[in-house]
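Student: Here it is, the structure, as structure tokens.
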Amino acid sequence: MADTAHAARFAEIIGAANVLTAASDKAPYLVEWRDLYQGVTPMVLRPGSTAEVSAVLRYADEQGLKIVPQGGNTGLVGGQIPQESGDEIVLSLGRLNKVRNVDPDGFTITVESGVVLEALQREAEKVDRLFPLSLGAQGSCQVGGNLSTNAGGTAVLAYGNSRDLVLGLEVVMANGDIWNGLRALRKDNTGYDLKQLFIGAEGTLGVITAATLKLFPKPKKLEAAFVGLASPEDALQLFSLAKGQAGPILTGFEIMPRVGLEFCLRHLNGARDPLSGSHPWYVLMELSSGTEAFPVRDLLESILGEAFEKGVVEDAAFAESLQQVNDFWHIRHGMSEVQRAEGGSIKHDVSVPVAAIPAFLNKAIAAVEAMVPGCRPVPFGHLGDGNIHFNVSQPIGADKEAYIARWDEMNELVHGIVHEFNGSISAEHGIGRLKRDLMKQVKSELELDLMQRIKTAFDPKNTLNPGRVL
Ligand SMILES: Cc1cc2nc3c(=O)[nH]c(=O)nc-3n(C[C@H](O)[C@H](O)[C@H](O)COP(=O)(O)OP(=O)(O)OC[C@H]3O[C@@H](n4cnc5c(N)ncnc54)[C@H](O)[C@@H]3O)c2cc1C
């Protein structure tokens, strides 16, 4: 059947206004943040309810059509972009944006998958609660995308990954069946925990339409410091000291190199250097407490005082207001964006055991500098989770395309070092299309076979996100 006939059928299900076929209407759904993929699709579908998602999938599955779920389109591995073959239909979940239930006493919230993360955070705040997931793309990314990628972000240290924040899910299966698993239970040992299969599945097993999520007490006291250090070894020592003394109230510990801060100072609106001198490395550390009476500032000062005495830190600026806390985070959250203004950047989203971070960084930095003399490594991120965004900007004045052409070669080099440290080649962004071909290198035959069997059981016709992950 021709695309026009399918479009007409979809228009009956979701309304003609929500079937986008004009090139200009489809365009925003076909490019992604890093410009790595340029998608082609016959149409973008924008259902407005779970029932509509179900009817769309039932028809697509019957007709042998291929469906690519898309949330906020901020994913960094190409999973949400239709392939260049041009036969994959984009299913945009943005209209499923209702808050279904807020339960401040039970510390839960139930939202549809198209709710933007920042809006969800605000809903929690309205009832004096915290939804802790926090990442640079939070103004655009959506709950369904967050869960489908098992997003990490800056609060994993204290609250865990997205996976840890979910109590229940509603999912539409590839054949249109609706699984209502929207339970709000903290304890439920009744067999296989199916929801966990959909979290991190990158849209290959089902379409998430709603989720019941955990809420937490809203921090009453928040303190942050921007710390200058000489080396990643010192950053690890500071982390050990801070985690040892603050335990669960250490809610952020992010590392950045000087060159990353310089990029921010050059290209990020409103960014100012929090310290007067220059330091090779920086750590943004945050402590927060749900109890007003807890002396958070005293604890932060005591940790940094001890670190000074031990010669672990060179300088530190304390945030004197919430605005200053936000200013520190503005720099950290801007770190990805500013790299675009410096030409080509080859990315690695990797993790190693926390204690191995300094050795990994030293070895990987030396290796990429030997491979591309003059390149500018900008490794930054979640030191407390062992997760580094090992990004490498092109040498000043180099040809961007020629540099980017070495993407696979540099990935192989860095991933080899990650492997030596028993790390992961995808700490939080997922596999998508970008890293699919690397799966054979990092998973055993048995693991891949089990994953394929799950995929076949859930989506026998390979309707959902074909060619992603597996
Ligand atoms: C500036 C910036 C900073 C970032 N920082 C972080 C970070 O700190 N930590 C982190 O983990 N990620 C980060 N990311 C990556 C990205 O924001 C996350 O992966 C985010 O969770 C994706 O959400 P999304 O709604 O944009 O999903 P999309 O990009 O639309 O989709 C991502 C994947 O999920 C699938 N999908 C989307 N919605 C659904 C659904 N409802 N049901 C089933 N499958 C679905 C898609 O098919 C695709 O495979 C960052 C990205 C940017 C641009």
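Student: Filter the stretch 105-117 down to residues that are touching a helix residue (DSSP H, G or I) at 6+ places or on another chain (Cβ under 7 Å) and under 22 Å from K220 (Cα atoms) and give me whichever is farthest from the ligand (Cβ to nearest atom).
Tutor: Filtering the stretch 105-117 down to residues touching a helix residue (DSSP H, G or I) at 6+ places or on another chain (Cβ under 7 Å) leaves 109, 111, 113-115, 117.
Adding the requirement that they be under 22 Å from K220 (Cα atoms) leaves 109, 117.
Details: I109: 17, L117: 8 Å.
Here the residue is I109.
Student: Run down A27, A2 and say which single residue is small (G, A, S) and at pLDDT below 95.
Tutor: A2
Student: Additional query: Tell me the residue from E447, E412, E428 that is open to solvent by 20 Å² or more (accessible area, probe 1.4 Å), within 16 Å of the ligand (Cβ to nearest atom) and either in contact (Cβ under 8 Å) with a residue 60 or more places away in the chain or not small (G, A, S) (or both), please.
Tutor: Exactly one of E447, E412, E428 is open to solvent by 20 Å² or more (accessible area, probe 1.4 Å), within 16 Å of the ligand (Cβ to nearest atom) and either in contact (Cβ under 8 Å) with a residue 60 or more places away in the chain or not small (G, A, S) (or both), namely E428.
Student: Further, regarding this structure: Check whether at least one residue in the stretch 393-409 is within 16 Å of the ligand (Cβ to nearest atom), surrounded by 15 or more Cβ atoms within 10 Å (Cβ to Cβ) and in contact (Cβ under 8 Å) with a residue 24 or more places away in the chain, and report yes or no.
Tutor: yes
Student: From L120, L76, L135, which residue is more than 8 Å from the ligand (Cβ to nearest atom) and either surrounded by fewer than 23 Cβ atoms within 10 Å (Cβ to Cβ) or outside the structural domain of P42 (by the TED database) (or both)?
Tutor: Among L120, L76, L135, only L120 is more than 8 Å from the ligand (Cβ to nearest atom) and either surrounded by fewer than 23 Cβ atoms within 10 Å (Cβ to Cβ) or outside the structural domain of P42 (by the TED database) (or both).
Student: Take the stretch 138-175 and flag every residue that is surrounded by fewer than 18 Cβ atoms within 10 Å (Cβ to Cβ) and in a loop (DSSP other than H, G, I, E, B). Explain how you work it out, then say what you get.
Tutor: So in the stretch 138-175, the residues surrounded by fewer than 18 Cβ atoms within 10 Å (Cβ to Cβ) come out as 139-140, 160, 163-164, 175.
G139, S140, G160, N175, listed by residue number.
Student: Given the options D61, D35, name the one that is at pLDDT below 95 and within 16 Å of the ligand (Cβ to nearest atom).
Tutor: D35 is the lone residue from the list that is at pLDDT below 95 and within 16 Å of the ligand (Cβ to nearest atom).
Student: Given (1) open to solvent by 20 Å² or more (accessible area, probe 1.4 Å); (2) outside any helix (DSSP H, G or I), identify the lone condition not met by I255.
Tutor: Single failed check for I255: (1).
Student: Another question, then. From G260, G270, G244, grab the single residue that is in contact (Cβ under 8 Å) with a residue 40 or more places away in the chain and not in a loop (DSSP other than H, G, I, E, B).
Tutor: G260 is the lone residue from the list that is in contact (Cβ under 8 Å) with a residue 40 or more places away in the chain and not in a loop (DSSP other than H, G, I, E, B).
Student: Now, a different point. What's the number of the only condition in (1) in contact with a helix residue (DSSP H, G or I) (Cβ under 7 Å, 6 or more places away or on another chain); (2) surrounded by 14 or more Cβ atoms within 10 Å (Cβ to Cβ) that P248 fails to meet?
Tutor: The failed condition is (2).
The values are calculated or read from the model by the stated rules, or taken from the named source; none is laboratory data. This structure is a prediction, so every number in the text was calculated from the model and none was measured. Please note: Cβ atoms are built from the backbone with ideal geometry, for glycine as well, and neighbour counts cover all protein chains shown. Side chains are part of the model used for accessible areas, which takes the heavy atoms of the whole protein and leaves out ligands, DNA and RNA. Shrake-Rupley method; radii C 1.70, N 1.55, O 1.52, S 1.80 Å.
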